[in-house]
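Peer 1: The following block contains the structure, expressed as structure tokens.
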Amino acid sequence: QVQLVESGGGLVQPGGSLRLSCASSRSISSIAAMGWYRQTPGNQRELVARITSGGNTNYADSVKGRFSISRDNAKNTVYLQMNSLKPEDTAVYYCSARITWGAPLIWGQGTQVTVSS
């Protein structure tokens, strides 16, 4: 099993930047995929960005060109760099891990991101 701990959320003004971190309790180098999801009240959790063990990435259309996901295998940490933030990016952001393809997602506890002036 793996435990995920997110950090880096907070309040930021529109146009600002934040970097979220997701620390894993085990090595991430062999984890099939790690990602970031977000959820607002009354809505389903949606994929924001994902990175595979091979380094392939994909993003939600709404964040392409503004967000960037990366992984540091030496630190067992995945990052989400968020630039040009908009009020509609306000949500609880969750880190996820899929140990092997077909396995269920494992979730962190979430971190709140609020974009407001």
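Peer 1: In a shell of Cβ-Cβ distance under 10 Å around GLY35, excluding GLY35 itself, what net charge do Lys and Arg (+1) and Asp and Glu (-1) give?
Peer 2: Here the charged neighbours net out to +2.
Peer 1: First check a/c for the chain, with a ≥ b ≥ c the square roots of the eigenvalues of its C-alpha gyration tensor; if it is under 1.5, answer rounded, and if not, answer prolate when a/b is larger than b/c or oblate otherwise. Numbers along the way, then the final one.
Peer 2: Working: a/c = 1.75, a/b = 1.66, b/c = 1.05.
Verdict is prolate for the chain.
Peer 1: Same structure again: Would you calculate the separation in nanometres between label points at THR100 and ASN83, each defined as 7 Å from the Cα along the Cα-to-beta-carbon direction?
Peer 2: 3.9
Peer 1: Could you work out what % of the accessible surface of the chain is carbon and sulfur, using a 1.4 angstrom probe and leaving DNA, RNA and ligands out of the count?
Peer 2: 46
Peer 1: Another question, if that's okay. Any idea how far apart THR90 and ASN43 come out in nm if each label point goes 7 Å out from Cα toward Cβ?
Peer 2: Each label point is offset 7 Å from its Cα along the Cβ direction, giving 1.2 nm.
Peer 1: In Å², and per residue, what accessible area does the chain have when probed at 1.4 Å with the other protein chains present?
Peer 2: Per-residue accessible area for the chain comes out at 50 Å².
The values are calculated or read from the model by the stated rules, or taken from the named source; none is laboratory data. Everything quoted here is computed from the prediction, not taken from an experiment. Ideal geometry is used to build each Cβ from the backbone, glycine not excepted, and the neighbour counts take in all protein chains shown. Surface areas here come from the heavy atoms of the whole protein model, side chains and all, with no ligands, DNA or RNA. Shrake-Rupley method; radii C 1.70, N 1.55, O 1.52, S 1.80 Å.
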